[in-house]
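Participant: To start, I am sharing the structure in question, which I have written as C-alpha cells.
Derivation of every value follows stated rules applied to the coordinates shown; laboratory data play no part. What you are looking at is a predicted structure, and each value in this text was computed from that prediction instead of being measured. A quick note on method: Cβ atoms are made from the backbone with ideal geometry, for glycine too, and the neighbour counts reach across all protein chains shown.
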Amino acid sequence: MEYVSPEGLRLDGRRPMEMRQIRAEIGTIMKADGSAVFEMGNTKVVAAVYGPREVQNRGQQISDKALVRCEYSMANFSTGDRMRKPKGDRRSTEISLVIRQTMEESILTHLMPRSQIDIYVQVLQADGGTRSACINAATLALADAGIPMRDLVTSCSAGYLNSTPLLDLNYVEDSAGGPDVTLGILPKLDKVTLLQMDSKLPIDIFENVMQLATEGCKAVANYIRELLLENTKELEYRRGV
Amino acid sequence: MVGLSVGEKHFIQGGVAQDLRCDGRKRLTYRPIYLETGVIPQANGSARVRMGATEVIASVKAELGRPTPLQPDKGKVSIYVDCSPTAEPAFEGRGGDELSTELSTALQCCLLGGKSGAGAGIDLSSLIVVEGKICWDLYIDGLVVSSDGNLLDALGAAIKAALSNTGIPKVNVAASASGDEQPEVDVSDEEFLQFDTSGIPVIVTLTKIGRHYVVDATSEEESQMSSAVSISVNRKGHICGLTKRGGAGLDPSIILDMVSVAKHVSEQLLEKLDSEIAAAEADEGES
Amino acid sequence: MREQKGPSLVTPGEVLGRASDVKAGRGAYVAPHNSTVYSSLTGFLRTISPPADSPDQRPIVEVTGHKAQGAVPVPGSVVIGQVTKVMARMASADIMCVGPKSVREKFTGIIWQQDVRATEIEKVDMHLSFHPGDIVRALVLSLGDARAYYLSTAKNELGVVSAESTAGATMVPISWTEMHCPVTGQIEQRKVAKVGS
C-alpha cells in the first residue's frame, strides 16, 4: 500500500513533515482544579487534574514529595469498533504508567509533600497519536491547575513509511506496520523525558525521525504557550486588571 | 471536599422554600442548556450536552445483527453509560461502576419500554432490515465528562439529540435469499436514513428538598434531597417511564402531583431541546 | 521593599535570569545543572528588590498564577476547627479555616491533653474541656505526625468559640470554664476562648 504518493502527499493530503491541525481549550471541567481538551487532527482527548490534595490512601503517602497518580481511559465510542471494556485492560494500564512517569519528571513534587496529584485522561476519539495527545492535554491541565512544573512537557509521534520520515501518524499510517516513534520533551530545557519505538530502524534513519519528532514537539510547545498566555490575559482582563 | 456546613444546608433548604435557589433560579427553571451535535464523526450519531457544569456526551453506533427469535420484527437497542474519572476522582477504576449501572438501568427503563418491546420510546420496528434475519443493533453510549447534578436529564437530552443526528446507512438486500440462509446485504456508504425521533421522550427529574420539589438540581442541592423521582414524558404528554431514587418514603398523592408537574415542565424542555437540536444541526450542516 | 511591576506574562520553563543575578521566589526555581532561574507557573512576572539590610542583594523574581491555592495550615497560624472526637488524653478536630480563609479540603488536627491550657496541664479532664461538635479556635504547633496536625488552645483567646448544649441551643459563655444554656438554664463545662478586646 502506498502511504506517500509520488508527488509527496500522504493519504490525508498532508506533506511528510506536516502535523495535523491542533486545537486545544483550557478549563472545560469546572469542578476539576485544572482541565483541558486537546485535539490533534481527529484524535480528541480530555484531561482533568485534581490536586494537590490530601492523600487518600495513607499507606502511599510520601513524606517529602507529592504522589502523582494517573488514569487513562478510552470511551466506548472512541475507536471504529465499539470497545467493550473502557478501562483496566493492559494497554490502558501501560499508558497510564507512561503518562505518570513523564509528568512526574516535570512536576516540582518536593514543593508539595504528603499530598497527591491526580491526572485523569479520557480519550473521546482515537485516530493515532493518542499517547501524545494525552501528554499534551495533561500538561495543559497541570498548567491550568497552577501546579509548579520545571517546563511544559510536549509530545509528538513520527514514523518511517515508503522510505520517508513522516510526522504525526494517524491511525491508518500507525497500523501500517512501520516504525512508530513517540517522543516527549521538555522544550525549553531541551531534555527528553519519553522515548518509545516499536518495529526496527537503522540508526541513521532513526536520528532523522527523532529530529523530526523533536520539531513536532517544539511546534506543539509554541502552540501551548500561546494558548496559556492568551488564557491568562483573558482572565486578567475579566478581573479588571 | 469539605462538605456543606449546617448554615449552608439551612440556606439551601430555606431558599427552596421561598422559590429562590443558590444560583438565582426558580424551582422549576432549568440551567442554560448548550447542545452540539456531530461531535464524534466516527459514530453514526452523537451529541454533547452541557447544563451548567454538568457535561455529557452520547454516541450512537449502528451495526448489523440478528433479531432475537422472540421478536423477529424488531431491532435491538442497548444503552450503556460510563462515568469518566475526569468528572469525579471517586470514579477512578471501578468506583464509578455503581453510578454507571444505575444510570444505564434508569435510561433503559425510561426509553426502551417493557421486555416484550412494547411501549418503547424508540420505534424498534423501523430498525428491521429483513424480518427474522437481519436487523440493526443500535449501541447507545453515554459518557459523563463533568458532573454537577442532574445527570439523568442531561443524558436523556443527549441521547435524544444523538438519535436525531443519527443516520442509518441504507441497505440493499440481495433478492434471492430463502429459508435459513443469510441474505447478502450491501451497506451503502452514501445514502443515509434519518432516524425518526419525534416519539422519543425526554426525562425530567424532580428532586424533593424539604417540602418542595426542584428541577435540575446541582450536586449541592442533590446532597440535601430526601428523594428524587425521574419521569420520562414524550411529546404527546404520555408517561414513558418512572424511577424513584432516595430512601425517604413519599405519599402517593405527592407522586401524582410530581407527575403532573413533570408533564408541565417537560413541555418547555421539549420545546427548548427541539430548537437547540435544530440549531445545532444547522450549524453542523454549515461547517 | 520596593516593587517593580513587570507586566510580562511567562509560562513554565521560561528563563528568568542567571542564578548569580536573581534569586528564585515563589513560582520560580533554580536548575542546578546550569544555575539558571526558570519559571514554574503561568502568570505575571514580578521583580522585587531585596530589603536594604539583607546580605543577599539579588532581586527576587516571582511568578503569580491566577489560580488561588487552597489555604494550608502552617505552624504558628490560628485555625478554626470543629471537634470530632474526645478521648481521655486527646481531642481531634477537623480544621475548616486557616486565618480568615476557608480550606478547600479539610485537615485533621489533634489537641493533646497537655496543650489544652497553660496551667495545671496534667489535671486537665478532656471531657470537661471539649465536646464533639464544638467550634474551637486553636494555634498550629507543628505539622505533627502522618495523620494530623498538632494544635494547642493554651492561650486566653483560644478554645471553644461556639458550642451547642445537650438541648440543642447555642450556649452563652460565662467564664473561662463554663457555658450557660439559655433554654434549660444548665451550665456545661468547656475550655472557653476569651472573645473581644
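Participant: Would you calculate the separation in nanometres between label points at B:S260 and A:E2, each defined as 7 Å from the Cα along the Cα-to-beta-carbon direction?
Facilitator: About 7.4 nm separates the two model spin labels.
Participant: Taking each residue of C:30-42 in turn, how many C-beta atoms of other protein chains fall within 10 Å of its C-beta, and what is the average? Don't skip to the end; give the middle numbers.
Facilitator: Working: counts 0, 3, 0, 2, 1, 0, 2, 0, 5, 5, 11, 6, 12.
Mean shielding count: 4.
Participant: Let me ask something else about it. Build a GNM of chain C with springs between Cα atoms under 10 Å: which of C:V74, C:V103, C:V22 gets the top mean-square fluctuation?
Facilitator: C:V22
Participant: For a bin width of 10 Å, list the pair-distance distribution of chain C built from all Cα-Cα distances, rounded to whole %.
Facilitator: All Cα pairs considered, the percentages come to 9, 27, 21, 16, 15, 10, 2, 0.
Participant: Could you check which residue among B:P41, B:P72, B:P85 shows the biggest mean-square fluctuation in a GNM of chain B with a 10 Å Cα cutoff?
Facilitator: Comparing B:P41, B:P72, B:P85 in a Gaussian network model of chain B, the most mobile one is B:P41.
Participant: In addition: Taking the Cα centre of chain C as the origin, how large is its charge dipole in debye, to the nearest 20, when only Lys and Arg (+1) and Asp and Glu (-1) carry charge on their Cβ atoms? Display every interim value, and only then the final one.
Facilitator: Values: 21 positive and 18 negative charges, 88 e Å.
For chain C, the charge dipole is close to 420 debye.
Participant: List every DSSP H helix in chain A whose Cα atoms extend 27 Å or more along the helix's own long axis and whose mean Kyte-Doolittle hydropathy is at least -1.0.
Facilitator: Numbers: long enough: A:203-239 (53 Å, -0.29).
Helices meeting the criterion: A:203-239.
Participant: With angles folded into 0 to 90 degrees, how steeply does helix B:6-17 sit against the dominant principal axis of chain B? Use alpha carbons for both and round to 10.
Facilitator: The two axes meet at around 70 degrees.
Participant: Still on this structure: Could you state the per residue volume, in Å³, of the convex hull enclosing the Cα atoms of the stretch C:78-189? Kindly include the intermediate steps, with their values, before the conclusion.
Facilitator: Details: hull volume 11.7 nm³, N = 112.
Convex hull of Cα atoms, per residue: 104 Å³.
Participant: Taking the alpha carbon gyration tensor of the stretch A:84-178, what are the square roots of 5 times its eigenvalues, largest first, to the nearest whole Å?
Facilitator: Values: eigenvalues 162, 56, 23 Å².
That gives 28, 17, 11 Å for the three semi-axes.
Participant: Place +1 on the Cβ of every Lys and Arg and -1 on the Cβ of every Asp and Glu in the protein assembly as shown, take the dipole about the Cα centre, and give the residue among A:Q61, A:N162, C:V195 whose Cα lies farthest towards its positive end.
Facilitator: It is C:V195.
Participant: Using only the Cα atoms of the stretch A:7-95, each taken as one equal point scatterer with no solvent, compute I(q) by the Debye sum, divide by I(0), and report log10 of the ratio at q = 0.17, 0.19, 0.20, 0.25 Å⁻¹.
Facilitator: The computed values of log10 I(q)/I(0) come out as -1.00, -1.11, -1.15, -1.24.
Participant: Let me ask you something else. Between exposed trypsin sites (Lys or Arg not before Pro) in chain C, where DSSP calls loop and at most 13 other Cβ atoms lie within 10 Å, what's the longest gap? Numbers along the way, then the final one.
Facilitator: On the way: sites that count: C:R2, C:R89, C:R147, C:K194.
No qualifying site falls inside C:3-88, the longest such stretch.
Participant: Cross-link list C:K106/C:K155; C:K101/C:K155; B:K133/B:K236: which exceed 29 angstrom alpha carbon to alpha carbon?
Facilitator: Details: C:K106/C:K155 24 Å; C:K101/C:K155 22 Å; B:K133/B:K236 33 Å.
Violating the 29 Å limit, Cα to Cα: B:K133/B:K236.
Participant: About the Cα centre, and with charges only on the beta carbon of Lys, Arg (+1) and Asp, Glu (-1), how big is the dipole of the protein assembly as shown? Nearest 20 debye, please. Mind dumping the intermediate values first?
Facilitator: Numbers: 75 positive and 91 negative charges, 534 e Å.
That gives a dipole near 2560 debye.
Participant: When the Debye formula is applied to the Cα atoms of chain B, each taken as the same point scatterer, what base-10 log of I(q)/I(0) results at q = 0.08, 0.13 Å⁻¹?
Facilitator: Rounded to two decimals, the profile gives -0.37, -0.90.
Participant: A follow-up question, please. Kindly provide the pair-distance distribution of the stretch B:1-153 built from C-alpha pairs, with 10 Å bins from 0 and whole-percent values in order of increasing distance.
Facilitator: Pair shares across the bins are 10, 28, 31, 19, 8, 4, 0.
Participant: Let me ask another. Taking 7 Å along the Cα-to-C-beta vector as the label spot, tell me the B:R94-C:T64 distance in nanometres, rounded to one decimal.
Facilitator: Calculated label separation equals 4.9 nm.
Participant: Determine, for C:H131, C:H33, the number of other Cβ atoms within 10 Å of each Cβ, and report the residues in order from fewest to most. If you can, show how the numbers build up before the last one.
Facilitator: Working: C:H131 19, C:H33 7.
Lowest count first: C:H33, C:H131.
Participant: Can you give the net charge of the other residues whose Cβ lies under 14 Å from the Cβ of C:L158, counting K and R as +1 and D and E as -1? Don't skip to the end; give the middle numbers.
Facilitator: Details: positive: C:R117, C:R137, C:K155, C:R190, C:K191, C:K194; negative: C:D115, C:D134, C:E157.
Once all neighbours under 14 Å are counted, the net charge is +3.
Participant: Could you compute the FRET efficiency for A:R58 and B:F192, with r as their C-beta to C-beta distance and R0 at 56 Å, rounded to 0.05?
Facilitator: Efficiency at R0 = 56 Å is approximately 0.50.
Participant: Within 10 Å, at most 14 other Cβ atoms, and a DSSP state outside H, G, I, E, B define an exposed site. Report the longest part of chain B free of exposed trypsin sites (Lys or Arg not before Pro).
Facilitator: Working: sites that count: B:K26, B:R94, B:K115, B:R211, B:K236.
The longest such stretch corresponds to B:116-210.
Participant: Taking the Cα centre of chain B as the origin, how large is its charge dipole in debye, to the nearest 20, when only Lys and Arg (+1) and Asp and Glu (-1) carry charge on their Cβ atoms? Each step should come with its number before you reach the end.
Facilitator: Working: 25 positive and 41 negative charges, 254 e Å.
It works out to roughly 1220 debye.
Participant: Along the charge dipole of the stretch C:1-134, pointing to its positive end and built from +1/-1 on Cβ of Lys, Arg, Asp and Glu, which listed residue (C:A71, C:G109, C:M96) has its Cα farthest out?
Facilitator: C:A71
Participant: Please report C:W112, B:W136 as a ranked list, fewest other C-beta atoms within 10 angstrom at the top and most at the bottom. Could the numbers behind the result be given before it?
Facilitator: Numbers: C:W112 17, B:W136 22.
Taking fewest neighbouring Cβ atoms as first place, the list is C:W112, B:W136.
Participant: Taking the beta-carbon count within 10 Å as an exposure proxy, list B:D153, B:D196 from fewest neighbours to most.
Facilitator: Working: B:D153 25, B:D196 12.
Listed from fewest to most nearby Cβ atoms, that is B:D196, B:D153.
Participant: Between A:Q196 and C:A169, what is the spin-label point distance in nm, taking each point 7 Å from the Cα along the Cα→C-beta axis?
Facilitator: 6.7
Participant: Determine the percent antiparallel among the DSSP beta bridges restricted to the stretch C:3-64, to the nearest 5. Numbers along the way, then the final one.
Facilitator: Working: 17 of 19 bridges.
Among the beta bridges of the stretch C:3-64, antiparallel pairing accounts for roughly 90 percent.
Participant: Check each of the GluC sites (Glu not before Pro) in the stretch C:107-197 and keep only those in coil by DSSP with at most 15 other C-beta atoms within 10 angstrom; list them in order. Present the calculation step by step, with values, prior to reporting the outcome.
Facilitator: Working: sites: C:E120, C:E122, C:E157, C:E164, C:E178, C:E188; in loops: C:E120, C:E157.
Those that pass, being in a loop and sparsely packed, are C:E120, C:E157.
Participant: Shifting gears a bit: Counting each DSSP H run of 4 or more residues in chain A as -39500 (n - 2.57), what helix-only mean residue ellipticity at 222 nm follows after dividing by all residues, to the nearest 500 deg cm²/dmol?
Facilitator: Numbers: 4 runs with 73 residues, N = 241.
So the helix-based figure for chain A works out to -10500 deg cm²/dmol.
Participant: Evaluate E = 1/(1 + (r/R0)^6) for B:S126 and A:V172, where r is the Cβ-Cβ distance and R0 equals 45 Å; express this FRET efficiency to the nearest 0.05. Walk me through the numbers on the way to the answer.
Facilitator: Numbers: r = 34 Å, r/R0 = 0.75.
With R0 = 45 Å, the Cβ-Cβ based efficiency is 0.85.
Participant: Still on this structure, I have one more. Could you state the orientation-averaged shadow area of the convex hull built on the Cα atoms of the stretch C:3-64, in nm² to one decimal? Write down the numbers at each step before the final one.
Facilitator: Working: hull surface 15.7 nm².
Result: 3.9 nm².
Participant: Here is a follow-up. Radius of gyration and Dmax for the protein assembly as shown's Cα atoms, expressed in Å?
Facilitator: Rg, Dmax (Cα atoms, Å): 30.1, 101.
Participant: For chain A, what Kirkwood radius comes out of the mean inverse Cα-Cα distance, in Å? Display every interim value, and only then the final one.
Facilitator: Numbers: mean 1/r = 0.0539 Å⁻¹.
Kirkwood hydrodynamic radius for chain A: 18.5 Å.
Participant: Which three extents, in angstrom, do the Cα atoms of the stretch B:29-88 have along their principal axes, listed largest first?
Facilitator: Per principal axis, max minus min of the Cα coordinates gives 44, 28, 22 Å.
Participant: OK, next. Build a GNM of chain C with springs between Cα atoms under 10 Å: which of C:Q82, C:Q114, C:Q186 gets the top mean-square fluctuation?
Facilitator: Maximum among the listed residues: C:Q186.
Participant: Then there is this: What lysines could a cross-link reach from B:K26, if we take a straight Cα to Cα line under 24 Å and drop same-chain neighbours fewer than 8 places away?
Facilitator: A:K31, B:K9, B:K208, B:K244, B:K263, B:K272
Participant: Calculate for chain B the 222 nm mean residue ellipticity that helices alone would give, adding -39,500 (n - 2.57) per DSSP H run of length 4 or more and normalising by residue count, nearest 500 deg cm²/dmol. Provide the component values of the computation, followed by the final result.
Facilitator: Details: 5 runs with 81 residues, N = 287.
Here the helix-only value at 222 nm equals -9500 deg cm²/dmol.
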